[in-house]
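Q: Dumping the structure here so I can ask a few things about it.
The values are calculated or read from the model by the stated rules, or taken from the named source; none is laboratory data. Keep in mind that what you see is a predicted model, and the values were worked out from it rather than measured. All Cβ positions, glycine included, derive from the backbone under ideal geometry; neighbour counts span all protein chains shown. Note: accessible area is taken over every heavy atom of the protein model, side chains too, but ligands, DNA and RNA are not part of it. Shrake-Rupley method; radii C 1.70, N 1.55, O 1.52, S 1.80 Å.
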Amino acid sequence: MPSVLGMPSTTIDLLRRLVAFPTVSRTSNLELQQWLGEQLEACGAQVQVLPGVAEGRANLLATIGPKVPGGVLLSAHTDVVPPGEGWRTDPFTLTLDGDRWYGRGSADMKGFLAVVLSVLGTVDPATLRAPVHVLGSYDEEVGCQGVRDVLPVLGVDASVRPELVVIGEPTMMRPRHSHLGKQMHRLVVRAAEAHSSRAATAPSAIAGASELVQALSAVQAGCPSAAPGEAPAYTVNCGTIRGGTAANVIAAECELVFEVRHGVDHDPDEVLRPFWAAVDAVHHRLVAVGGGVERHLITAYPAMATDVMSPAFAAAVRLADTGASQALDFGTEGGLLAEVIDAPVMICGPGDIGDAHRPDESVSVDQLERCEKFVRQLIEHFCVDAGDGV
């Protein structure tokens, strides 16, 4: 088969086509999903394109092989972040420079999808004793939104009961078993605009918001001390605060955006309980002047923690052959999938997250080759040799 720097041309051709779809979050991914479904059907898959709640977007769920419990589910999101400025090449045209392929989504995470399609194109479905499932989601980059639409389907479809779930986020092909969950909130504090000479008696929206920032700091201060080398149980951060119009005007409005990140052992609602009590106090005080505090949940996804001692996970770590599994420092759809699929979830894919979400995003030829070997061995172990022991 013709190759480019050792990679089968089909992998690069598939990645080139995937990168060309400008599937920026909150825009349509239907054309990509239709194309993806056609590629998978050509591999012998039964494909479902499941329209999402969001207009113009869909999830895709495909199965190759027998509809029996077991096998592996390979998962990827189809959306990418906006390309932004500063690219040396067209972000939606896959471009080779040295030993790296450049393009938006090349690492995060269309490179993984291209490898999956390429490997499946060489698999004879008749040899599969357990299924290969493929999941393509939408709007992951804006808070793991789209995959939530497919969770009810996964929860009731008895034929989708894989032995292992692999999400191909860029980890330099190092297996990852856990990550923090997150809630992000926006609060709008409102008071009555007035002349600054009334500051002694008239409440200010900025003053109210400042109280809430202090309350957030108190929540963080109450976090149990972490052991040396360990991450804290949770983190709380006020990322932005905006309000007021002039120094001689009592502010009528102030907005703050904050987040809490947490492990599986900490309920974010419980962590924030004292903070919400402070919000209620400020709200009731401002209601007296026609104001108050509005709450808006921007996004939330759960933490994930997989048992690294489970036989299926341990087997996949051996197949990856890149060292022991580690914790992940960014969020994924893994926690949501773990809520409905009773199987270990591994995060492992080609590329470096440090190359994602910036101009000149790229993935190396070596990473794609390593991923191809890993995916091929996963299918061989969990789907072809299924039932022969882990």
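Conditions (1) touching a residue at least 60 places away in the same chain (Cβ under 8 Å); (2) surrounded by fewer than 13 Cβ atoms within 10 Å (Cβ to Cβ), marked per residue:
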| position | (1), (2) |
| --- | --- |
| Met172 | yes, no |
| Gln183 | yes, no |
| Ser225 | no, yes |
| Thr245 | no, yes |
| Ile250 | no, no |
| His266 | no, no |
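Q: Applying the selection to the range 54-90, what residues are among the aliphatic types (A, V, I, L, M) and under 25 Å from Ile347 (Cβ atoms)?
A: Keep residues of the range 54-90 that are among the aliphatic types (A, V, I, L, M), which gives 54, 58, 60-62, 64, 68, 72-74, 76, 80-81.
The answer is Ala54, Ala58, Leu60, Leu61, Ala62, Ile64, Val72, Leu73, Leu74, Ala76, Val80, Val81.
Q: Val264 is checked against (1) outside any loop (DSSP other than H, G, I, E, B); (2) among the aliphatic types (A, V, I, L, M); (3) at pLDDT below 95 and fails just one. What number does that condition carry?
A: It fails just one condition, (1).
Q: Among the candidates Val166, Val188, Val116, which residue alone is modelled with pLDDT of 95 or more, surrounded by fewer than 21 Cβ atoms within 10 Å (Cβ to Cβ), of a type in the set (A, V, I, L, M) and in contact with a strand residue (DSSP E or B) (Cβ under 7 Å, 6 or more places away or on another chain)?
A: It is Val188.
Q: Between a first residue in the range 307-335 that is within 18 Å of Leu74 (Cα to Cα) and a second residue that is assigned to a helix (DSSP H, G or I) and of a type in the set (D, E, K, R), which pairs have beta carbons less than 7 Å apart while being 6 or more apart in sequence or on different chains?
A: Glu333/Glu140
Q: What's the total number of residues in the range 12-40 that are farther than 22 Å from Thr95 by Cα, open to solvent by 20 Å² or more (accessible area, probe 1.4 Å) and among the hydrophobic types (A, V, I, L, M, F, W, C)?
A: Going through the range 12-40 one residue at a time, the tally reaches 1.
Q: Same structure, new question: Can you name the number of the only condition in (1) among the small types (Gly, Ala, Ser); (2) crowded, with 24+ Cβ neighbours inside 10 Å; (3) within 30 Å of His283 (Cβ to Cβ) that Ala207 fails?
A: Unmet for Ala207, out of (1) among the small types (Gly, Ala, Ser); (2) crowded, with 24+ Cβ neighbours inside 10 Å; (3) within 30 Å of His283 (Cβ to Cβ): (2).
Q: Follow-up. When you scan the range 150-159, do you find a residue that is open to solvent by less than 10 Å² (accessible area, probe 1.4 Å) and small (Gly, Ala, Ser), even just one? Explain how you work it out, then say what you get.
A: Narrowing the range 150-159 to residues open to solvent by less than 10 Å² (accessible area, probe 1.4 Å): 150, 154.
When the remaining residues are screened for being small (Gly, Ala, Ser), the result is none.
Looking for residues that are open to solvent by less than 10 Å² (accessible area, probe 1.4 Å) and small (Gly, Ala, Ser), one finds none in the range 150-159, hence no.
Q: Only one of Thr201, Thr240 is open to solvent by 20 Å² or more (accessible area, probe 1.4 Å) and out of contact with any strand residue (DSSP E or B) (no Cβ under 8 Å at 6 or more places or on another chain). Can you tell me which?
A: Working: Thr240 fails: out of contact with any strand residue (DSSP E or B) (no Cβ under 8 Å at 6 or more places or on another chain).
Residue meeting the stated conditions: Thr201.
Q: So is Ala215 open to solvent by less than 30 Å² (accessible area, probe 1.4 Å), in contact with a helix residue (DSSP H, G or I) (Cβ under 9 Å, 6 or more places away or on another chain), modelled with pLDDT of 95 or more and over 23 Å from Ala327 (Cβ atoms) or not? Let's see the steps before the verdict.
A: Numbers: open to solvent by less than 30 Å² (accessible area, probe 1.4 Å): yes; in contact with a helix residue (DSSP H, G or I) (Cβ under 9 Å, 6 or more places away or on another chain): yes; modelled with pLDDT of 95 or more: yes; over 23 Å from Ala327 (Cβ atoms): yes.
For Ala215, the condition - open to solvent by less than 30 Å² (accessible area, probe 1.4 Å), in contact with a helix residue (DSSP H, G or I) (Cβ under 9 Å, 6 or more places away or on another chain), modelled with pLDDT of 95 or more and over 23 Å from Ala327 (Cβ atoms) - is met.
Q: Please work out if Gly86 is over 22 Å from Asp355 (Cβ atoms) and either open to solvent by 10 Å² or more (accessible area, probe 1.4 Å) or assigned to a loop (DSSP other than H, G, I, E, B) (or both).
A: Working: over 22 Å from Asp355 (Cβ atoms): no; either open to solvent by 10 Å² or more (accessible area, probe 1.4 Å) or assigned to a loop (DSSP other than H, G, I, E, B) (or both): yes.
Taking the combined requirement at face value, the residue does not satisfy it.
Q: Hey, any hits in the range 353-367 for a residue that's surrounded by 22 or more Cβ atoms within 10 Å (Cβ to Cβ) and either touching a Cys at 6+ places or on another chain (Cβ under 7 Å) or of a type in the set (D, E, K, R) (or both)? Show your work before the answer.
A: Initial filter on the range 353-367 (surrounded by 22 or more Cβ atoms within 10 Å (Cβ to Cβ)): 356, 361-363, 367.
From what is left, the residues that are either touching a Cys at 6+ places or on another chain (Cβ under 7 Å) or of a type in the set (D, E, K, R) (or both) are 361.
Scanning the range 353-367 turns up at least one residue that is surrounded by 22 or more Cβ atoms within 10 Å (Cβ to Cβ) and either touching a Cys at 6+ places or on another chain (Cβ under 7 Å) or of a type in the set (D, E, K, R) (or both).
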